[in-house]
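Read through the structure below, which is laid out as structure tokens, and then see the notes.
The values are calculated or read from the model by the stated rules, or taken from the named source; none is laboratory data. Predicted, not measured: the structure shown is a model, and the values here were computed from it. No Cβ is skipped: glycine too gets one built from the backbone with ideal geometry, and neighbour counts run over all protein chains shown.
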Amino acid sequence: MSQSSSNRFYLTTPIYYVNARPHLGHAYSTIVCDAIARRKRALGIETWFLTGTDEHGQKIERSAEKAGRTPQEFADAIYSEFRGLWTQLGITNDDFIRTTEPRHIRGVQKLFATLRERGYIYKGSYTGQYCVSDEAYVDGPAGTLCPDCGRVTETVSEENYFFKLSAFEDKLLKFYDENPNFMGPESTRREVISFVRSGLKDLSISRTSFKWGIPVPGDEKHVVYVWLDALVNYMTALGYGSENVQDQENFKKFWPADLHLIGKEISRFHCVYWPAFLMAAGLPTPRAIRANGWLMFDQSKMSKSKGNIVRAETVCAVLGDEALRYYLMREIPFGQDGNFSFDALVQRYNADLANGYGNLVSRVVNMMHKFFAGVVPAPGAPTEAEIKLKASTEAAIAAFGPAFDAFDFAEALKALWSLVAETDGYLTANAPWKKPQDRSEEDHAALQARVLATAAEAIRVITALVYPILPTAAAKVWRQLGQGELAEAAQQAFLTKVAWGGLKPGTRFEEPAPLFPRAEKDAVERMVALEEENNRTAVEAAQAQKEEKKLEENKPATPETAAPAASTTPDQKSAAPQVPDQKPAVPQAPEGQPAAPQVLPEGFPAAEPQITIDDVVKIDLRVAQILVAERIPKADKLLRLEVDLGYEKRQILAGIAQYYEPEKLIGRKIVIVANLAPRKMRGLESNGMLLAASLENSSPVLAGFLEEVPLGARLK
Ligand code: ME8
């Protein structure tokens, strides 16, 4: 792990989008950073650990719109979820930056102005593809899929500010060459270099088609491109852009960052754009960027849009707050993709924590109380067995640090747990709890003293080393071993002094306390049930929000709601989403799976104009059942239908009176466009539209199903 020469270490997680609640993927990167930060501090290194939330951009604006909230309200709610989870997981970030904070906004505007002053920004126009989900520009014609997430891109055509990224191709390649440690793992390094070698085009760094962003200084019709906005957080949190002297000092003290830890899908932004922006601004570039692989669940990357997320809170509720920290760092070789499975989690928890480390501690602490009244005896002269355990402990000390510092956390923990197993075996082989008949009382007491003092010393070392990964459990054990408060020890750089022989005879142990209770047989089922329950509640909440919004929208205009935009307060104006008349959209096609191409039988004209999947997903098609069907007086074409959508009942007016007998329609399942804005006809409101095949020389035919389908089911 590269380290600043000044005995300081500044590290960061990505700042997470507030379009969705945190899941295990976010927890993974944050836990890894926390473990690194804790180890650095306990090594006496002045550490600054930053995390935060990325709150601007079209994606957030749209998510907020869908939820019927302002972007700021929406961001506030998700931000609180991130903060709460980090507290629960014991994350020790020194600061938390939100990109909607004034300190950030001012810093982004300063960087933008600096880049412009230094001649790296010009105005042009961009027509091309944009992936809203990744907030990334994509090369290719209309309809191109995003190479990262597989979604269909949108065509944008805007006047933009451009950053002269093309001027940095050679500079970046030279920089990578001179700084072989700058990015990793090797796969990331190779990918980034090949991306730059294939040629860099200038980058559009502003948008005009929506409002939820930081205004470009001096040209407020533009908002700063969300990635330029987001990346600068690493500096604005330190004080970049502030006039305050103390902030400026703090920035000088910690910048450049020693480590940006990120997920591999955002390597291009961090390893190409970010150093280029900084070089252009005349600022130092970060020392190292390391990408974690993807946490997979059900064979694909865990992500909200795939609907395959697991929440950290679920794991904490069943296995305690630290199981996840251990599991993620032990199970997944850092830099590679790794599968998450409830079974593997419970297995690892029971084997390594409950039966492994936890049980070992409990045996030794209990015996120390039972046989020595909780006071560590002098071990006496070591036999071969103690010499061997001491050598193994020293080997574990030697192996753990370098593996951890090289991001090989799994290997570091493996080395430590082989010491757990060896100490356990040593205890069993010497069985201090059982006196054989042919052993004298005196010899047995000597064996007990030797074995328990030696095993306790091995545990002390294991506990010290595992502290960054299991901070709460380690602190409990430290106390039980009579070593006092581990948090205080960490402030005194105790990790620089981990060596065999630290447990002094005469040390008084504290009472044993449970560490990792064995997971019950139903632990997996309980976690699965919690996730299902949570998903159901989330769907219901989204539905309720949607309905609440619909009611709001359909409310007759009152003087306040009908007020012209000019009468809104400046605050409301900046927070209000500007996407015109957007309706709740059905989910997009699964990542990597574009909508099936349209195949038409010969002789059928192709539908014109062609639309993209983004247009298709705007239409919310649902299965409904007709409860009431009746003619409307003086309207010979219209029928009044009352339909049941499962989650609500509504009235629809349909122009099928000449073709269908109302009584024959009752009970029939049909397809309706559920998100069509309400319309009034003949003084009655129609809330949707039914679908029918429209035939030239005969009556229309209502769309229906051959199989049983539940009411409210979505067609997509
Ligand atoms: O990309 N496996 O935010 P984001 C491993 N705002 N890590 C995962 C993961 C998974 N399945 N899912 C998420 C953004 N992550 C931008 C970043 S930084 C200036 C701006 C982690 O909310 C991983 O670290 O999409 C990934 O890079 C990050 O969360 C993406 O979070």
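Taken over the range 220-231, residues that are touching a residue at least 12 places away in the same chain (Cβ under 8 Å), more than 14 Å from the ligand (Cβ to nearest atom) and farther than 13 Å from Glu55 by Cβ amount to 2.
Is at least one residue of the range 165-183 under 27 Å from the mean Cα position of the chain (by Cα) and within 16 Å of the ligand (Cβ to nearest atom)? Within the range 165-183 (the criterion being under 27 Å from the mean Cα position of the chain (by Cα) and within 16 Å of the ligand (Cβ to nearest atom)), the answer is yes, since at least one residue qualifies. Of all the listed residues (Gln3, Gln58), the sole one being more than 10 Å from the ligand (Cβ to nearest atom), modelled with pLDDT under 95, more than 25 Å from Tyr467 (Cα to Cα) and among the polar types (S, T, N, Q) is Gln58.
From the list Thr47, Thr53, Thr87, the lone residue that is within 30 Å of Lys211 (Cα to Cα) and either crowded, with 20+ Cβ neighbours inside 10 Å or of a type outside the set (Asp, Glu) (or both) is Thr53. For the range 226-237, a residue qualifies if it is of a type outside the set (Val, Ile, Thr) and under 21 Å from the mean Cα position of the chain (by Cα), and the qualifying residues are Trp227, Leu228, Asp229, Ala230, Leu231, Asn233, Tyr234, Ala237.
Scanning the range 625-681 for residues that are in a helix (DSSP H, G or I) and more than 13 Å from Ala692 (Cβ to Cβ) yields Pro662, Glu663, Lys664. So which residues in the range 307-347 are in contact (Cβ under 8 Å) with a residue 40 or more places away in the chain, within 12 Å of the ligand (Cβ to nearest atom) and outside any helix (DSSP H, G or I)? Selection gives Ile309, Val310, Ile332, Phe334, Gly335, Gln336, Asp337, Gly338, Asn339, Phe340.
Test of understanding: among Trp255, Trp294, which residue is among the aromatic types (Phe, Trp, Tyr) and more than 21 Å from Asp229 (Cβ to Cβ)? Selected residue: Trp294, the only one of Trp255, Trp294 that is among the aromatic types (Phe, Trp, Tyr) and more than 21 Å from Asp229 (Cβ to Cβ). It is to be established whether one or more residues within the range 425-438 are of a type in the set (Val, Ile, Thr) and under 42 Å from the mean Cα position of the chain (by Cα). No, every residue in the range 425-438 fails to be of a type in the set (Val, Ile, Thr) and under 42 Å from the mean Cα position of the chain (by Cα). Residues that are within 16 Å of the ligand (Cβ to nearest atom) and either aromatic (Phe, Trp, Tyr) or within 17 Å of Ser206 (Cα to Cα) (or both) were ranked within the range 234-268; the one that is surrounded by the fewest Cβ atoms within 10 Å (Cβ to Cβ) is Trp255.
Taken residue by residue, the range 442-454 has at least one member that is hydroxyl-bearing (Ser, Thr, Tyr) and within 15 Å of Phe372 (Cα to Cα).
If the condition is being within 11 Å of the ligand (Cβ to nearest atom) and surrounded by fewer than 20 Cβ atoms within 10 Å (Cβ to Cβ), then the range 270-292 contributes no residue at all. Criterion applied to Ala703, Ala674, Ala713 was being buried (at least 19 other Cβ atoms within 10 Å of the Cβ) and either aromatic (Phe, Trp, Tyr) or in contact with a strand residue (DSSP E or B) (Cβ under 6 Å, 6 or more places away or on another chain) (or both), and the one residue passing it is Ala674. Please verify whether Ala64 is more than 9 Å from the ligand (Cβ to nearest atom), among the aliphatic types (A, V, I, L, M), outside any strand (DSSP E or B) and at pLDDT below 95, treating the condition exactly as stated. When the stated conditions are applied, Ala64 passes them. Considering every residue within the range 208-221, establish whether at least one is at pLDDT 95 or above, closer than 17 Å to Leu111 by Cβ and touching a Gly at 6+ places or on another chain (Cβ under 7 Å). Taking every residue of the range 208-221 in turn, at least one turns out to be at pLDDT 95 or above, closer than 17 Å to Leu111 by Cβ and touching a Gly at 6+ places or on another chain (Cβ under 7 Å). Taking each residue of the range 238-263 that is touching a residue at least 12 places away in the same chain (Cβ under 8 Å) and looking for partners that are of a type in the set (D, E, K, R) and within 14 Å of the ligand (Cβ to nearest atom) with beta-carbon atoms closer than 7 Å, six or more apart or interchain, yields Leu259/Arg290; Leu261/Arg290. Selection of helices (runs of 4 or more DSSP H) fully inside the range 216-288 by the criterion of at least 2 residues being of a type in the set (S, T, N, Q) returns 233-236, 245-254. Residues of the range 7-27 include at least one that is out of contact with any helix residue (DSSP H, G or I) (no Cβ under 9 Å at 6 or more places or on another chain), part of a loop (DSSP other than H, G, I, E, B) and over 14 Å from Thr236 (Cα atoms).
Listed here are the residues, each with its yes/no results for (1) within 16 Å of the ligand (Cβ to nearest atom); (2) at negative phi; (3) at pLDDT 95 or above.
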site: Thr87; (1), (2), (3): no, yes, yes
site: Gly107; (1), (2), (3): yes, yes, yes
site: Leu111; (1), (2), (3): yes, yes, yes
site: Arg116; (1), (2), (3): no, yes, yes
site: Ser125; (1), (2), (3): no, yes, no
site: Glu135; (1), (2), (3): yes, no, no
site: Gly140; (1), (2), (3): no, no, no
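Against the numbered list (1) under 23 Å from Cys131 (Cβ atoms); (2) within 16 Å of the ligand (Cβ to nearest atom); (3) not in a helix (DSSP H, G or I); (4) not aliphatic (A, V, I, L, M), Thr155 comes up short only at (2). Restricting the search to the range 158-193, which residues are in a helix (DSSP H, G or I), among the polar types (S, T, N, Q) and surrounded by fewer than 18 Cβ atoms within 10 Å (Cβ to Cβ)? The answer is Ser166, Ser187.
Of all the numbered requirements in (1) closer than 23 Å to Tyr240 by Cβ; (2) of a type in the set (Lys, Arg); (3) touching a strand residue (DSSP E or B) at 6+ places or on another chain (Cβ under 7 Å), Lys123 misses one, and that requirement is (1).
Output the residues belonging to the range 483-523 that are within 24 Å of Ala391 (Cα to Cα) and crowded, with 16+ Cβ neighbours inside 10 Å. Within the range 483-523, Gln483, Phe494, Leu495, Val498, Trp500, Leu503, Thr507 qualify.
Test each condition in (1) assigned to a helix (DSSP H, G or I); (2) surrounded by fewer than 22 Cβ atoms within 10 Å (Cβ to Cβ) for Leu200 and report the one that comes out false. The failed condition is (1).
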